[in-house]
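The values are calculated or read from the model by the stated rules, or taken from the named source; none is laboratory data. Note that this is a predicted model, so its numbers are computed, not measured. Ideal geometry is used to build each Cβ from the backbone, glycine not excepted, and the neighbour counts take in all protein chains shown.
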Amino acid sequence: MLVEILENNIDSRLIDHAVQLLRSGEIIIIPTDTVYALVCDLKNKKAMSNMAHLKGEKLSKVHFSVMCHDLSNLSDYVKQIDRPTYKLLRQNLPGPFTFILNANHDVPRLFDSKKREIGIRIPDNKIALEIIESLGNPIACTSLHNDEDDLFDYFIDPYQIFEKYDNSPYVKMIIDGGNGKLIASTIVDCTKDEYEIIRQGEKELK
């Protein structure tokens, strides 16, 4: 199912439908402030496993990020962070960044793994943020492409994404929020004393 949602005129009924699908354990594809992303309810283990399968991985091996509406959920997934790190997040989020932080003891249970780090995303995209807010908890997300793949037009054109995933038994909705971008998020590792840019995306850190 392909539905169009305009970021400057969001149809709440379509948001509600997307949220219902997530709550029932389905996977959907949504726009972000960078590339389109596969997302599911972070609290639904079956949905998480299915999304890992779509990426050709086991849940314990896949690197999903946690997409939040704001920083209020941070302590649910990461260990306590120092003031400079929190300031760095506040200055750059919402925005096209993935911040790698030290995971707390709850994260390994979510991913059936010994995961010690987790990526946190707060995209500067009203559609994505409204879905998360309406769901009431963060979502698991991963870009349509793999990190080793080049980004091509079929990753950013909603109609080409629809053609690719329409027959997938896992993807139940694709939200057309306009063309995505060919540049992924900037990945910033904040697990050490000094942060490190792992991948430079479209935007520089403030």
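Scanning the range 11-27 for residues that are hydrophobic (A, V, I, L, M, F, W, C) and either out of contact with any helix residue (DSSP H, G or I) (no Cβ under 6 Å at 6 or more places or on another chain) or surrounded by fewer than 16 Cβ atoms within 10 Å (Cβ to Cβ) (or both) turns up 14, 21.
Would you mind telling me which numbered condition in (1) closer than 19 Å to residue 171 by Cβ; (2) under 16 Å from the mean Cα position of the chain (by Cα) residue 68 fails? Only one criterion in (1) closer than 19 Å to residue 171 by Cβ; (2) under 16 Å from the mean Cα position of the chain (by Cα) is unmet by residue 68, namely (1). Selection of the range 50-96 for residues being within 15 Å of residue 142 (Cβ to Cβ), assigned to a helix (DSSP H, G or I) and without any contact (Cβ under 8 Å) to a residue 60 or more places away in the chain yields only 52. When you check residue 191 against the structure, is it more than 25 Å from residue 47 (Cβ to Cβ) and among the hydroxyl-bearing types (Ser, Thr, Tyr), yes or no? The answer is yes for residue 191. When we screen 62, 19 for residues that are modelled with pLDDT under 95 and not acidic (Asp, Glu), the only hit is 62. What about residue 95, is it closer than 23 Å to residue 155 by Cβ, surrounded by fewer than 15 Cβ atoms within 10 Å (Cβ to Cβ), out of contact with any strand residue (DSSP E or B) (no Cβ under 6 Å at 6 or more places or on another chain) and not charged (D, E, K, R)? For residue 95, the condition - closer than 23 Å to residue 155 by Cβ, surrounded by fewer than 15 Cβ atoms within 10 Å (Cβ to Cβ), out of contact with any strand residue (DSSP E or B) (no Cβ under 6 Å at 6 or more places or on another chain) and not charged (D, E, K, R) - is not met. Restricting attention to the range 4-40, which residues are acidic (Asp, Glu) and touching a strand residue (DSSP E or B) at 6+ places or on another chain (Cβ under 6 Å)? Across the range 4-40, the qualifying residues are 4, 26.
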